[in-house]
Ligand code: SF4
Ligand code: SF4
Ligand code: SF4
């Protein structure tokens with residue numbers, strides 16, 4: 001990337017000034033940041049918005065001091081943050097000041113992936129994109145452009161692309177993250193978990209975490225409720241090959257052998273059924289196929305499970321009983337990132353079934369019934385009908401997929417089947433770190449006629465793009481309304497707090513402008529997003545003025561449990577909780593989950609596990625200088641005995657080599673007692689090799705790079721990624 | 001006059017570092033420096049491990065080696081809440097206090113003066129909690145007057161098992177960790 005002159009940095013675009021000026025009539029927003037603000041408003045100004053450092057979308061209040069962005073705090077009126085942001089949210093202002101931010105639209109000048117660019121105007125960039133898109137449409141049809149997106153910011157681009165005729169739309173949050181969980185629960189209860197999770201941790205008397213490391217994983221409301229559960233002395237049971245922070249808060253820690261969770265779950269259910277500790281009334285009333293289920297799980301004793309999981313027989317029995325004593329306020333947490341071993345939908349189903357036995361679905365301290373603020377959609381013209389089926393799941397190969405499969409689109413892009421995919425539009429998701437097997441992603445990219453990345457930072461995937469469009473960070477833009485399903489209904493707004501420092505634009509502006517260039521201007525009947533927001537809010541009996549001032553408007557608190565009036569309904573084929581799943585059986589799958597033994601690591605290799613840090617989100621925050629100060633690089637956790645055997649010292653840099661000979665960046669060893677001897681662990685998101693991401697370049701190692709192998713869940717298409725093994729290379 | 005102190009419940013603390021980030025933004029702590037930090041103490045052999053996570057900062061000690069060693073009087077104890085502070089324009093950056101503090105709580109700010117936790121005096125004077133306390137998502141930090149037996153902090157110290165850091169240094173630190 002060319003260096004950007006000071007003059008360019010200072011340039012204020014005509015449009016942004018207009019946007020901020022319009023906003024300032026309603027709330028005291030000043031024109032721009034410290035560097036560009038000419039009429040500094042003296043003193044403190046507070047502007048409500050909602051956070052974008054992760055997808056939780058916590059309500060926040062940004063503070064300006066003498067016109068310059070100072071800090072950001074939680075909005076006390078927000079049911080998600082309850083006035084306290086997580087560390088990433090608190091550090092969110094670092095996203096604004098990140099010196100590595102994308103500043104101007106870029107068009108590739110050399111080979112893909114070489115990261116050689118020329119800076120262009122928005123008109124040039126969008127004209128280029130539009131002409132390529134028109135060409136793809138005439139040669140292959142609009143279905144040959146695919147959209148990958150993460151987060152609420154993708155809404156307007158999705159709208160433009162749907163208007164153009166795109167139907168292949170996908171997010172890694174399904175097939176690389178929470179998909180198996182939602183499928184497993186849907187197969188059982190007829191309904192998924194959703195985001196934010198419908199878990200009533202707040203009222204659980206017994207909380208079971210399987211691999212879920214709340215506290216390190218800072219999904220704000222979940223982490224807050226977890227700490228509260230610890231304070232209330234509810235019984236916490238943690239199952240994890242690594243002694244997580246959550247494990248240190250647990251009454252019972254089960255140091256499970258990786259890949260054997262289903263064996264443990266079966267044994268727990270075996271104990272609960274054998275000792276008749278389940279919620280008999282609930283199961284009789286709502287359950288389907290319980291007898292067959294009970295017969296299926298009868299061989300899976302704790303003695304059997306011990307040989308698979310390494311968990312002490314008595315510990316299995318005791319924890320099963322503790323769960324039962326606390327029913328129905330026992331919450332076996334379904335987790336979030338659950339694409340581990342390729343049989344993840346069945347593991348999630350086992351978790352659902354254990355919850356079902358304890359009667360926690362629909363009950364206080366279990367799973368509540370969420371609802372959301374009803375805001376009618378904007379009355380847009382109808383989208384054109386796609387002429388072809390989606391490519392991600394041909395012939396319904398994964399019969400219980402409930403969302404589009406990113407890796408299915410990638411596969412179609414490589415093979416050209418069922419039809420060629422020639423354009424990728426990527427919003428705010430770094431596919432190089434999010435999808436397993438980088439080589440396949442790059443292979444797919446080589447078949448494209450157009451690849452566009454819209455993002456705030458130059459991620460690895462941006463490095464492969466033909467056109468990179470720099471987006472304003474959340475503190476500089478409006479976005480769509482936030483009305484997640486939760487315990488109570490609410491609507492939140494994201495609004496500009498400061499001016500963009502360079503030529504970045506909000507996603508809605510990009511989407512609208514691109515629609516114009518594609519001749520689809522009629523799909524944006526509004527001129528400015530404020531009109532759109534006001535229209536929708538008016539339709540819901542609210543106003544933009546009011547929401548801009550308050551940030552969050554709370555609605556009602558409808559009933560959320562069976563006991564306070566929710567009618568128990570289970571939209572499964574049987575209309576009941578499916579202990580035995582005929583639809584799975586009919587499709588050739590186990591109607592009750594079965595355990596398959598995981599592959600053993602080759603001699604001298606260790607299973608690679610990965611997880612989250614409280615101070616980073618995915619691979620998106622490593623160049624945020626505030627968060628970088630908290631954690632600059634990741635470490636590989638190696639058990640003390642293993643480190644001794646291999647002569648590894650704490651803090652020493654090594655490289656990891658996987659079973660396919662792929663070698664990582666250098667990474668520090670953390671020698672610890674807090675992990676089993678058969679696996680190693682690292683925090684996801686580090687090991688950047690995008691040259692433009694100067695602050696994060698070469699710091700730590702990328703688990704994604706080492707995840708060359710993945711196991712596809714035959715039920716729903718998720719990619720199990722904890723199936724790679726690594727060994728240590730001490731030459732760095 | 002009050003004598004401020006802090007109580008931190010290590011049973012609830014998850015080590016998320018929100019307290020560190022909040023201090024940084026609230027007080028504009030320069031890149032590469034922090035006024036508070038997290039220490040994780042891990043004992044035992046897998047899987048029988050005990051973990052204690054401590055959010056650490058200046059202990060605003062009752063006996064202050066950092067004040068007595070200061071040649072200019074910049075390092076001092078405020079009347080307000082007995083907060084230990086540094087007057088920036090009197091500080092010559094000699095690092096005597098940095099060396100004297102057994103907790104390693106001080107650093108020399110790139111602008112040349114000794115810097116450290118102020119117990120967020122600018123907030124506390126206005127009746128607000130310190131930034132780190134007010135942001136903590138697990139609500140594990142408490143702040144108040146140790147001389148008032150009815151304050152939340154005094155009651156927690158009286159009712160829960162707790163310890164301070166390096167008590168043998170004899171500084172009488174005023175941050176208590178509940179265990
Ligand atoms: S959980 Fe943290 S990063 Fe995510 S939206 Fe909330 S404050 Fe922001
Ligand atoms: S913010 Fe609270 S929970 Fe997080 S590390 Fe600090 S004291 Fe612990
Ligand atoms: S009291 Fe204030 S200055 Fe001290 S560590 Fe907390 S936030 Fe920082």
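Every read-out reported here was derived from the displayed coordinates using simple, explicitly stated rules and does not represent laboratory data. Only a predicted model underlies this, so the values are computations on that prediction, with no experimental measurement involved. Heads up, the Cβs are rebuilt from the backbone with ideal geometry, glycines too, and the neighbour counts pull from every protein chain shown.
For this structure, a couple of remarks:
- Least to most buried among A:262, B:92 (fewest other Cβ within 10 Å first): B:92, A:262
- The distance separating the Cα centre of the stretch A:569-645 from that of the stretch A:220-237 comes to 21 Å.
- Gyration tensor (alpha-carbon) shape descriptor, the stretch A:606-729, a/c threshold 1.5: oblate
- Percent antiparallel among DSSP beta bridges (both partners in the stretch A:606-729, rounded to 5): 50
- Compared with the alpha-carbon gap, the fully stretched path from residue A:566 to residue A:304 is longer by 90.4 nm at 0.36 nm per residue.
- Antiparallel content of DSSP bridges confined to the stretch A:106-235, in %, to 5: 40
- Antiparallel bridges, percent of DSSP beta bridges restricted to chain A (to nearest 5): 45
- Using alpha-carbon coordinates, inclination of helix A:507-517 to the longest axis of chain A, degrees: 60
- Helix-only [θ]222 nm of chain A, DSSP H runs n ≥ 4, -39500 (n - 2.57) each, per residue, nearest 500: -8500 deg cm²/dmol
- Ordering A:682, B:90, B:121, A:631 by the number of other Cβ atoms within 10 Å of each residue's own Cβ, fewest first, gives B:90, B:121, A:631, A:682.
- Mean separation of Cα contacts under 8 Å (6+ apart) over length of the stretch A:604-732, as relative contact order %: 34
- Over chain B, relative contact order from alpha-carbon pairs under 8 Å, at least 6 apart, %: 32
- Cα-based helix-to-principal-axis angle, A:406-415 vs chain A, degrees rounded to 10: 70
- Rounded to the nearest 10 degrees, the inclination of helix A:155-164 to the longest alpha-carbon principal axis of chain A is 80 degrees.
- Net lengthening on full extension, residue A:594/residue A:446 (0.36 nm per residue, minus Cα-Cα): 49.3 nm
- With contacts taken as Cα pairs under 8 Å and at least 6 residues apart, chain A reaches a relative contact order of 19 percent.
- Its residue count N sets the reference 2.2 N^0.38 Å, and the alpha-carbon radius of gyration of the stretch A:330-429 equals 1.50 times that reference.
- Under the simplified labelling scheme, the residue A:691-residue A:251 pair shows an inter-label distance of 5.8 nm, with each label point 7 Å from Cα along Cα→Cβ.
- When both the stretch A:181-198 and the stretch B:1-75 are represented by their alpha-carbon centers, they are found 41 Å apart.
- Global geometry of the stretch A:351-392, whether rounded, prolate or oblate, following the gyration tensor of its Cα atoms and the 1.5 cut on a/c: oblate
- Packing-based exposure ordering (other Cβ within 10 Å, fewest first) of A:410, A:242: A:242, A:410
- Report summary: the helix-based calculation at 222 nm, which adds -39500 (n - 2.57) for every DSSP H run with n ≥ 4 and divides by the residues of chain B, gives -4500 deg cm²/dmol.
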